[in-house]
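Worksheet for the structure shown next.
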Amino acid sequence: MSDLSGGGAVDHRHVVAEYIRLERREVPPPPGVEGPSAIAGRAPVDAHLRNAAGGLRTGALLTGIDSLGGLLCGLAVQPEWIVTTSMMVTVAHLAHTGPLGLLGRIVRRGRTSVVASLDVVDEGRDRGPVASATVTCAVLDPGDMRLHFDRPLVIPMGPPAADPLGPEEFFAIAPGTGPVTRLDLVDRLRNPWGILHGGAVAVLADVAACRAVDATRGRPRPPVAAADTVLHYLRPARVGPVEARCTVLGGGSGRTLVRVAVHDVGADQRLVALGSVVVADIRPPAAVDKSRLIRLT
Amino acid sequence: MALDGYPSASNFLADLGMEAEVTTETSARVRIPVTAEVVGADGGVRAGVLATLVDVVGGSAALRAVLPDWMATADLTVQTVRPAAGPLVEARADVVRRGRTTLVVEASVVDVPGGNGPMAGDPADPADPVVAWATMTFAVLPSRTGLPMRDVSTALPVRWSLAGAGLAGPVAESLGVVVDDGPAGRVSLPVHRYLHNSFGAVQGGVMALVAEVAALETLGAARGEPMVATGLQVAYLALGRIGPIVSRTRVLDPGTAGVGGSVVVEMVDRGADDRVTTVVNVAAAPLVPAAVGAGR
């Protein structure tokens, strides 16, 4: 576990990614081949991060996708740097054995933006597909804050925490129910630019959307989990607290679409992110028909 | 619309029967009639047609915010919550952020159950039922002299309509989509003026619609039952100018009985060295009322 006190030598490049114990490994192009590096990642499915279906919670999954995709895009534009502007994630399965393997590649390098495509597989289930994502980043002039990396970059998986915090506690999400969920913008959730980490926004959206759907249900309430998610990072959240305000738009067949608007309350209620989350009812596991499994290579 | 001569009366958008209103400097609405040619297996408007509607309304809402520069759609998402049965379906868009290099638009798509008259006498009713929700990112392109721009009126609201001849058949057939190998999700599309956007390339909504066809072909074949697309996540990487545009399809999850699945479709410009122009993640559900989202 990283230093959570806010004091000491906290490396803000990695605190949120280390919470999910994300291993990151740059994959340079083969000798003689021009082009940007790819990136590989690996994350365990730790008990405190499991959803109601037994897999990695989607907020944590999106944290890994944001961290890995952002790092990939950043390496592609060095010495400039990037900020994530949008993330589109399709979640194929919510139940995972783990660890999860992630592989990202650059699919577009423009003058002002970079686009990465990432696939997530379950190494514990014959590398079956878990999710497919697109991460778009805007290219920034880092000014005086030059980020240095030893290349090819390797950041190993951290050891399991002896007494890990749950995601609501780590991400400083206030207990509650209903359509509005609040996050306290503590220092460990800030990225190197001093703003709220994109992964924290994703976790907040996950928790808030599930609470919003839960509040519309009678009892007994079926367990739910966030699935397909779209997030647009519109402006930096610097002040806090940060609120996710949800509108349940409807749905059926065990799927509910939720609009999520994220506001920086301390910055004149500024809208900082906007997106949607499909919240899925978790059904009892059915027998797996292995003939229908498709291997993702 | 601010490009002189675009879209023409012989464009695909005209045959959808679009009617539009730019309501404020940063908001717009666009509607089409729900006809047999644009609906899917559930009787609601196909997600790819909704993507076309959303792309146009987003551009209309963003136009005045971006001038004198121009813009191109960078990404687009549509998530449905129930079938859009009409008789009209309307997308209502607002710009939520105008940055230096990008612009983000949100749109809700509603059924207009009682709508049958001109837009001018039919103001947006907030009680109209939401059938889908959408977002778009537009890349801001510096102004250049090559584009034949038309003066944009500052007096709002501005209304326009496109009255084409109507679609000759189901929308995919009208576009010229050919299913080369349904179970493999391989479809192709010749590039022609009927499908052009303002850059002379395949319109973004058309790309989404072709990907939807590819995804439903492969999922339907795998499952032996008709499917309906409930979500599209579209990343536009390059223009599709030459053609034919062909799909490369990868099933993420075929789903199980009663539960949907998801597919990744890459749209490749065969005439441009197999350049990947568009990546579309398609979520689909079997035919049940009011389905949404991908299967797990």
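The values are calculated or read from the model by the stated rules, or taken from the named source; none is laboratory data. Just so it is clear, the structure is predicted and the values come from calculations on it, not from any experiment. A quick note on method: Cβ atoms are made from the backbone with ideal geometry, for glycine too, and the neighbour counts reach across all protein chains shown.
Between A:114, A:139, A:120, which is β-branched (Val, Ile, Thr), within 29 Å of residue A:241 (Cα to Cα), crowded, with 19+ Cβ neighbours inside 10 Å and touching a strand residue (DSSP E or B) at 6+ places or on another chain (Cβ under 9 Å)?
Result of the check over A:114, A:139, A:120: A:139.
Return a yes/no flag: does the range A:97-117 have any residue that is over 15 Å from residue B:237 (Cα atoms), in contact (Cβ under 8 Å) with a residue 24 or more places away in the chain, in a strand (DSSP E or B) and within 12 Å of chain B (Cβ to nearest Cβ).
no
What about residue A:59, is it surrounded by fewer than 24 Cβ atoms within 10 Å (Cβ to Cβ) and more than 14 Å from chain B (Cβ to nearest Cβ)?
Considered against the rule, which asks whether it is surrounded by fewer than 24 Cβ atoms within 10 Å (Cβ to Cβ) and more than 14 Å from chain B (Cβ to nearest Cβ), residue A:59 comes out as no.
Confirm whether residue B:133 is aromatic (Phe, Trp, Tyr) and within 11 Å of chain A (Cβ to nearest Cβ).
Spelling it out, residue B:133 is indeed aromatic (Phe, Trp, Tyr) and within 11 Å of chain A (Cβ to nearest Cβ).
Of B:75, B:42, B:55, which residue is assigned to a loop (DSSP other than H, G, I, E, B) and either surrounded by 20 or more Cβ atoms within 10 Å (Cβ to Cβ) or within 14 Å of chain A (Cβ to nearest Cβ) (or both)?
The conditions single out B:42.
Of the residues in the range A:127-154, how many are more than 30 Å from residue B:231 (Cβ to Cβ), modelled with pLDDT of 95 or more and part of a strand (DSSP E or B)?
Of the residues in that region, 1 qualify.
Report whether or not residue B:104 is in contact with a His (Cβ under 7 Å, 6 or more places away or on another chain) and either without any contact (Cβ under 8 Å) to a residue 12 or more places away in the chain or buried (at least 22 other Cβ atoms within 10 Å of the Cβ) (or both).
Yes, satisfied.
Any residue in the range A:207-227 that is modelled with pLDDT of 95 or more, facing chain B (nearest Cβ under 10 Å) and in a strand (DSSP E or B)?
Yes, the range A:207-227 contains at least one residue that is modelled with pLDDT of 95 or more, facing chain B (nearest Cβ under 10 Å) and in a strand (DSSP E or B).
Any residue that is modelled with pLDDT of 95 or more, farther than 22 Å from residue A:70 by Cβ and of a type in the set (Gly, Ala, Ser) - is there at least one of those in the range A:115-122?
no
Which of the residues belonging to the range B:104-144 are within 20 Å of residue B:162 (Cα to Cα) and polar (S, T, N, Q)?
B:116
Are there any pairs, at least 6 apart or on different chains, whose C-beta atoms fall under 6 Å, with the first in the range A:128-142 and more than 10 Å from chain B (Cβ to nearest Cβ) and the second among the polar types (S, T, N, Q), and if so, which?
What qualifies is A:137/A:84.
Just checking, how many residues over the range A:228-270 are at the interface with chain B (Cβ under 10 Å from one of its Cβ atoms), more than 18 Å from residue A:207 (Cα to Cα) and at pLDDT 95 or above?
Counting residues in the range A:228-270 that are at the interface with chain B (Cβ under 10 Å from one of its Cβ atoms), more than 18 Å from residue A:207 (Cα to Cα) and at pLDDT 95 or above gives 2.
Name the residues in the range A:271-289 that are hydrophobic (A, V, I, L, M, F, W, C), at pLDDT 95 or above and either assigned to a loop (DSSP other than H, G, I, E, B) or under 15 Å from residue B:97 (Cβ atoms) (or both), would you?
A:271, A:272, A:273, A:274
Residue check: is residue A:172 on the phi > 0 side of the Ramachandran plot and of a type in the set (A, V, I, L, M)?
Considered against the rule, which asks whether it is on the phi > 0 side of the Ramachandran plot and of a type in the set (A, V, I, L, M), residue A:172 comes out as yes.
Checking residue B:191 against (1) among the β-branched types (Val, Ile, Thr); (2) more than 28 Å from residue B:253 (Cβ to Cβ); (3) under 15 Å from the mean Cα position of the chain (by Cα), only one condition comes out false. Which one?
Only one criterion is unmet by residue B:191, namely (3).
When the range B:172-181 is examined, which residues are found to be under 17 Å from residue B:226 (Cα atoms) and either at pLDDT below 95 or under 22 Å from the mean Cα position of the chain (by Cα) (or both)?
Once the filter is applied, which keeps residues that are under 17 Å from residue B:226 (Cα atoms) and either at pLDDT below 95 or under 22 Å from the mean Cα position of the chain (by Cα) (or both), the range B:172-181 yields B:172, B:179.
Which residues, taken from the range B:13-65, are at pLDDT below 95, under 22 Å from residue B:201 (Cα atoms) and touching a helix residue (DSSP H, G or I) at 6+ places or on another chain (Cβ under 7 Å)?
Matches in the range B:13-65: B:13, B:18.
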